[in-house]
Every structure is written in structure tokens, then in C-alpha cells.
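The values are calculated or read from the model by the stated rules, or taken from the named source; none is laboratory data. Here the structure is a predicted model, which means the values were calculated and not measured. Here the Cβ is made from the backbone with ideal geometry for all residues, glycine too, and neighbour counts use every protein chain on show.
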Amino acid sequence: MQKITYAKGDGIGPEIMDATLRILKAAGARVAWEEIQVGESVYLEGNTSGIGKEAWDSIRQNKVFLKAPITTPQGGGYKSLNVTMRKTLGLFANVRPCKSYAPFVKTKHPEMDVVIIRENEEDLYAGIEHQQTDEVVQCLKLITRPGCERIVRYAFEYAKLYNRKKVSCFTKDNIMKHTDGLFHKVFNEIAPEYPEIEADNWIVDIGTARLADTPEMFDVVVLPNLYGDVVSDVTAQISGSIGLAGTSNIGSECAMFEAIHGSAPPIAGKNIANPSGLIKASIMMLNHIGQQDVAQKVNDAWLCTIEDGIHTEDMYNQNHSTHLVGTKEFGDAVIERLGNKPDSLKPEFYDSSVQITIPQYKRGAAKVKTLKGVDVFVDWKGEDADELAAKLQRLNGDVKLSMITNRGVKVWPEGFSETFCTDHWRCRYEVENGHPASKNEIAELMKNAIANDIDIIKTENLYEFDGERGYSLGQGQ
Ligand code: NAD
């Protein structure tokens, strides 16, 4: 018996969880269930992350968590439970298989069978945001080498295990050359280790357009967190219904399984929600814990139900639906078909060892890091960049003002009068003679700035790593 933590969640959560647990029990899942409370009621008790200590203890002890969707209360101050869970438990990989079940479920893409693998912890989800001036707020996008290596390797290992032919990488590295550039670079480093799997790269905008138009072109897609968030919902939706897909959040210790949709409050308690997303998540969970026999049985029965036209409202269609059923009745229909094999829908392949182990990250030898200057961010309400430059040039020492940009656009020297400027100026000081700068010079620059009433809101050191520039030159460079 494997102990598994579960939460019924909010909205349609309890109904779809009830149907799912009944199916798993009837299919003979060897599981001892432990229920925890998370979500709306916990938030409203004053816990800003929607989960209490006992619930954490249960998940950390059992290591596997089946979660129904929860409602995040309106208003500020509440942190996303999912983001908290992913980051706290190190659930670095979000895996979302999106497959069509044509002709039984209506879709424009009857051939699609795509798995989205989304990095789950980094990127703009670090949650580091600041207001810096009256007019400007910023959010830090953090991409790390260990994070990229882990998710890219996971994508290739997943492709290998599930006999997939291709892994595609989506980034925007034509603009974000250092952050998305690192993700792309790591992808190019790891791909040759899997010569049997084709690898290709896409800029995320055109890649998403092609994926939405011709999903048959894609197999496994690996992406940084934010793109993955958007692209995985688009992909699930075009497969037929958002109510059909399950997802897993995998870490090296723990794993969380859930439907991809939310708690759908308007249809809660009406016995009309489709429980398939959570059922699919539970099949992924059974597979993860090594109960492939049960996973196979539940998936086959679910496919038979879909083939027999027993459909909830969201998938109901004139041509292929025979019975419009509620959440509970859909669950009953799956239970009735346990042991049956589908006629035309292809069964999934479940192998015996499905836990993907990623080697521990090994930090390479430290690179030679050379300080070349500093970007000083200044809050200034003036309009003429030449006037600001004249003030700032008075601070010149061994590091000298070389450039001012506003929202990444160069406004000094030789700015254009047409460029719109806010009150947030990035002022770059660099060494001129090619020698390294010193931190004392930078500290001196700060002191002089304070003495000259210049409002510095942030600084960012400029480094070379093994002689390679580690900062952008300007917008998109
Ligand atoms: P939603 O996914 O709950 O609903 C979007 C639309 O899809 C609605 O029309 C809904 O009726 C329909 N829908 C969703 N699931 C369905 C199902 N199983 N069967 C039939 N129709 C279904 O998204 P939302 O309305 O943006 O969010 C509602 C709440 O859910 C919010 O509080 C949000 O924070 C939360 N949410 C939770 C999770 C999670 O716990 N993982 C994920 C997304 C949203």
C-alpha cells in the first residue's frame, strides 16, 4: 500500500475528486489515502499561502499529492498555493500531455499528441518585483544554469522513456539573449547526448503560432516557466477541452498531480463538471508510483467511456455523444468499463520503470569574473538626457559615463528627440582603458552621487566571465 495525500479542493473539486477516488478504488489501486485541507477555507482562516503545517507534513512524508483545484480568494495578500508548492517542494518539471480524442471529442486537430514540459520554479515566477520610481515597476527574470539543465534533461529523458521522436525548445532569445539565451544554449549542449531524438529550436511567438495551427508538427516541447504557462493552456484547449487534461509537477523528492483547469465556481455543486482532467492526473500518479497495471486499466476504461459517447456537457457533440451525463454518472461509466479495451482510440504505453532520475547538478570550475563597470539606475524627473548626462559626468572617475538609456533605448549620447522617456534612467559607467574596474571606485561613485543629490534607486555591476560579456549592450543586444 502506498500512502498518498489528497485534497478535495474548492468549487468543482470535491465532485471530481469523489468520482476519481471511486474509480481508483474500483480499479484496485493499492493506495492508503490521507486527506488534507488546502485552499479557500485555509486562506480565509488567515493563512496567506492556503496551506497549513499539518498539510505540509503529510505531503512531505508521503511524497505524492493528488490535488483537486482550489479557489484563490479575491483581493490582495493571498499567495498562489500552486506556485508556493512548486517552489517549496522543488517540483521543477511540469508535464502536461495534450492529446486529441477525435472523432469522439470535437477538435480541429484530430492527430495532435503533444507533451508540454514547462520549467516550474524560475523565470518571472521568482516573485521579485519592485516599484522603483513613480512611473516604473520591475519584475526580475531569473534563469539559472542548474534550472535549465534539469528541465532540458528531463524533457529528453521523458522523450526517450515514452518513445517520442522530437524535443522542441521555445524561447525568445533573439531579444533576451542572456536569460532565454542560456536556456537555448543549455538545450543545444544537452541535445547531442540524445542522438536518437530530433531536436529543434523555435522563437516562442512563431513556435506557438505553429503549434496552435499545426500541432502534429510537435512532439515534446520544453519551455521556460512563463511561456510554458501560456502555451500549455493553449495546447490543452485546442486538443478538445480544458476539462480533459491532467498534469504532473515532478521534483526529485515529491510530486503533485492535478487537473489543469481551475475550480470553476459557476458550475460547482451542479454535477456537470468533467472529472477527466483529475482522472488523467491520477493515471499519471499511478504510473509515477509504479502501479502501471492499475494506470493501464483506468486509462483503457476511460478511453472506452469516451468512445461509447458517454460525455459530460463540455465534450458533448451531436455526432459522437450518445449520453449526456453528470460528473457522478461519468465516474460510474468508467467503473463499469474497467477491464475493457478501447476499439479505436489508441491506448497509452505504460512501462514498468517510469521515474526519471536526473543526475545531481555539478557546478563547473568558477569562471574568471572581471568587473568592467556599473549600471546606475536613477530616478530623475527631467526630460533632457543631455542635462542629466552633464550632471552624471561630474561623477566620472576611473569609471566614466558611457551611455544613458530610458526603457532600454539609448538617449545619450546622440539620442533622438522622438524617444519617449519616463523618470527611470539607466546610466552606464565603464572603464575606458580595458583594465578591470574596482568595487572601491564604484563605492566612490555612489558616495559622489549622494553628495550631488542624484537619486540612485539601484545598481547592477557589469562583469565579463572568462572574457565573455555578461550584460546586454542595449535593447535586444
Ligand atoms: P477554470 O478552469 O476554473 O474555468 C474556466 C472555464 O472552464 C469555465 O468556463 C469553467 O466552467 C470551465 N471548466 C473548467 N473546468 C471544467 C471541468 N472540469 N468541466 C467542465 N468545464 C470546466 O478557470 P477560472 O475561472 O479562471 O478560475 C476559477 C478559480 O480556479 C480561480 O479561483 C482560480 O484561481 C482557480 N484556479 C485554480 C487552479 C488550481 O488549483 N490548479 C488552476 C487554475 C485556476
Any hit, the range 82-104, residues being over 22 Å from the mean Cα position of the chain (by Cα) and either within 13 Å of the ligand (Cβ to nearest atom) or at pLDDT 95 or above (or both): no
Selection count, the range 228-247, where residues are surrounded by fewer than 20 Cβ atoms within 10 Å (Cβ to Cβ), under 15 Å from the mean Cα position of the chain (by Cα) and among the polar types (S, T, N, Q): 0
So residue 279, is it of a type in the set (Val, Ile, Thr), within 25 Å of the chain's Cα centre (by Cα), modelled with pLDDT under 95 and surrounded by 13 or more Cβ atoms within 10 Å (Cβ to Cβ): no
Matching residues in the range 413-461 - criterion: being in contact with a His (Cβ under 9 Å, 6 or more places away or on another chain) and among the small types (Gly, Ala, Ser): none
Some residue of the range 261-277 being touching a strand residue (DSSP E or B) at 6+ places or on another chain (Cβ under 6 Å), near the ligand (Cβ under 8 Å from one of its atoms) and assigned to a helix (DSSP H, G or I): yes
Neighbours by Cβ (under 6 Å, 6+ apart or cross-chain): first from the range 253-275, touching a residue at least 24 places away in the same chain (Cβ under 8 Å); second within 7 Å of the ligand (Cβ to nearest atom) and of a type in the set (Ser, Thr, Tyr): 263/71; 274/312
3 or more residues out of contact with any helix residue (DSSP H, G or I) (no Cβ under 7 Å at 6 or more places or on another chain) and over 30 Å from residue 219 (Cα atoms): qualifying helices (runs of 4 or more DSSP H) within the range 1-113: 13-27, 40-44, 53-62
Which numbered condition residue 108 misses (of (1) buried (at least 22 other Cβ atoms within 10 Å of the Cβ); (2) under 27 Å from residue 243 (Cβ atoms)): (1)
Residue within the range 14-31 that is within 16 Å of the ligand (Cβ to nearest atom) and on the phi > 0 side of the Ramachandran plot present: no
Pair list, Cβ < 8 Å and 6+ apart or interchain, from the range 332-351 residues that are among the polar types (S, T, N, Q) to residues that are surrounded by 11 or more Cβ atoms within 10 Å (Cβ to Cβ) and not in a loop (DSSP other than H, G, I, E, B): 340/300; 340/301; 340/304; 344/307
Residue 301, sole failed condition from (1) under 20 Å from residue 13 (Cβ atoms); (2) surrounded by 20 or more Cβ atoms within 10 Å (Cβ to Cβ): (1)
Of all residues in the range 306-320 being free of Cβ contacts under 8 Å to residues at least 60 places away in the same chain and within 14 Å of the ligand (Cβ to nearest atom), the one that is nearest to residue 16 (Cα to Cα): 313
Residues being aliphatic (A, V, I, L, M), more than 6 Å from the ligand (Cβ to nearest atom) and assigned to a helix (DSSP H, G or I) - total across the range 232-260: 4
